[in-house]
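> Here it is, the structure in full.
The values are calculated or read from the model by the stated rules, or taken from the named source; none is laboratory data. Please read these numbers as outputs of a predicted model, since none were measured by experiment. Cβ atoms come from the backbone with ideal geometry, glycine included; neighbour counts cover every protein chain shown.
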Amino acid sequence: MITETTIPARQKKMIDWESLRSDFPILQQKVHGHPLIYFDNAATSQKPRVVIDAVRNYYERDNANVHRGIHELSNRATAGYEAARARASKFINARSADEIVFTRGTTESINLVAASWGGKNLEPGDKILLTEMEHHSNLVPWQLLAERTGAKLVYLPVTGDEGLLDLSKLDSLLTKEVKLFAMVHISNSLGTVNPVAELCERARKLGIVTLVDAAQSAGHCPLDARQIGCDFLAFSGHKICGPTGIGVLYGRQELLEAMPPWQGGGEMILSVDFFKTTYKHAPHRFEAGTPDISGPIGLHAAMDYLDGIGRDNIFKHDQELAGYAYEQLARLNNIRLFGPKTGRAGVVSFLLKDVHAHDVVTVADQRGVALRGGHHCTQPLMRKLGIESTARSSFYFYNTKAEVDRFVEVVREIQKFFAE
Ligand code: 7TS
């Protein structure tokens, strides 16, 4: 039996953040002899037991293919799959579950829009507006589309180390050639929170289609697709406590309905003849073949879990930790910090003078602290900032101030170690 995972909504002031850690079996371990401090949440989040259980229960009790068999197990699998779609719709306040397409993740969601919507609607001379802080997955699909269609890419600039969008340039970039404006909500490299509702509103007034990359925001702050007013929005299950391999594409129904299929195969058809096929309505038209079924079921449990805590509470907690980490790091000598001084999300990127980011990450790992070093799939942004990489700490609600203290101490040790 598929059971609804319901966590009673916790009272605002009564959240015991420390106790939430016991929901995450993976956090209860030592790495290289030290308690694990997991600060690589922008890459992927850890999974609470309710999510692991939901996936295990599905395989132990309900596993069957969806929409195909008229037998009990298939009916249960289908019910679980479609319940997850309805839950995802609620999670981002879509108008209906028909606006939710399941994909492998943010990357696949954006590729779907580029190939299907972009392939149909773009012509030579059209422009696609992006920002300079996009992740490669909100950049390369548009480059591929531009190559195919003859469209051109244009970029809204980033101001420098503080990593804000230069909104004074927006009006001059929003020309009549621009057909699509795709933007990241929260930057995975800088922690910048972009004013996506305002950006979408300004684009919409000119009839420009908008896409919001919500990979770093969906599980970290309240997210309301209708209030943002975007046409498309993408996120990944694995960054919001759900399983890997499952993601969501939200598309406004009239746009999805007008888009041609992307991949062809089973599940997405109404009728197939040797030379002609008719397709199901959206969203099913975009889900060819046997989908990931345990993924949406695990994701459903993750969305319930997060909303049980409250994403407004999670955002506050993320911001407090990141603000505290930024302040502590800013006290050190020979450190360069990236991203906004205030109002940042739970990401702090930095560079130590004369120490490569990869060395920072390697030594931190020896002390049980999981960071990420590299370009974070934002190579053009790194080039703009005149660097190759950063060391990045990224936080989630199960991280604590004590962990930040230990992390800052480790950074100090690293500075000493490389100074000798
Ligand atoms: N967009 C943003 C803003 C991201 O941070 C990521 C992944 C993606 C898109 C792609 O998500 P995927 O689930 O399809 O891979 N970001 C990172 C990161 O910062 N470190 O590893 C993956």
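> For region 105-132, give me each residue that is under 18 Å from the mean Cα position of the chain (by Cα) and within 25 Å of residue 226 (Cβ to Cβ).
Correct list: 105, 106, 107, 108, 109, 110, 111, 112, 113, 114, 130, 131.
> For region 275-307, give me each residue that is of a type in the set (Gly, Ala, Ser) and surrounded by fewer than 21 Cβ atoms within 10 Å (Cβ to Cβ).
288, 289
> Further, regarding this structure: Give the residue that is farthest from the ligand (Cβ to nearest atom), with candidates limited to residues of region 108-126 that are over 11 Å from residue 232 (Cβ atoms) and of a type in the set (A, V, I, L, M, F, W, C).
Checked region 108-126; the qualifying residue farthest from the ligand (Cβ to nearest atom) is 122.
> Evaluate region 181-196: report whether one residue or more is out of contact with any strand residue (DSSP E or B) (no Cβ under 9 Å at 6 or more places or on another chain) and not assigned by TED's automatic domain parsing to the domain that holds residue 372.
The answer is no; no qualifying residue exists.
> Please enumerate the residues belonging to region 402-416 that are surrounded by fewer than 18 Cβ atoms within 10 Å (Cβ to Cβ), of a type in the set (D, E, K, R) and more than 16 Å from residue 330 (Cβ to Cβ).
406, 413, 416
> Among 386, 373, 343, 368, which is the only one that is of a type in the set (Gly, Ala, Ser), within 24 Å of the chain's Cα centre (by Cα) and away from the ligand (no atom under 16 Å from the Cβ)?
When all the criteria are applied, what remains is 343.
> Let me ask something else. Return a yes/no flag: does region 151-158 have any residue that is under 18 Å from residue 234 (Cα atoms), in contact with a strand residue (DSSP E or B) (Cβ under 9 Å, 6 or more places away or on another chain), buried (at least 17 other Cβ atoms within 10 Å of the Cβ) and among the hydroxyl-bearing types (Ser, Thr, Tyr).
Within region 151-158 (the criterion being under 18 Å from residue 234 (Cα atoms), in contact with a strand residue (DSSP E or B) (Cβ under 9 Å, 6 or more places away or on another chain), buried (at least 17 other Cβ atoms within 10 Å of the Cβ) and among the hydroxyl-bearing types (Ser, Thr, Tyr)), the answer is no, since none of the residues qualifies.
> Between 114, 146, 88, which is surrounded by fewer than 24 Cβ atoms within 10 Å (Cβ to Cβ) and in the same structural domain as residue 178 (by TED's automatic domain parsing)?
Going through 114, 146, 88 in turn, the sole match is 146.
> Here's something else I'd like to know. Got a sec? Which of 64, 43 is at pLDDT 90 or above and over 27 Å from residue 345 (Cβ atoms)?
Answer to the check: 64.
> Could I ask something else about it? Do we have residue 35 as out of contact with any Leu (no Cβ under 7 Å at 6 or more places or on another chain), within 20 Å of residue 311 (Cα to Cα) and modelled with pLDDT of 95 or more here?
So residue 35 does not fit the description; no.
> If I filter region 26-36 for residues that are part of a loop (DSSP other than H, G, I, E, B) and either under 22 Å from residue 218 (Cβ atoms) or within 16 Å of the ligand (Cβ to nearest atom) (or both), do I get at least one hit?
There is no residue in region 26-36 that is part of a loop (DSSP other than H, G, I, E, B) and either under 22 Å from residue 218 (Cβ atoms) or within 16 Å of the ligand (Cβ to nearest atom) (or both).
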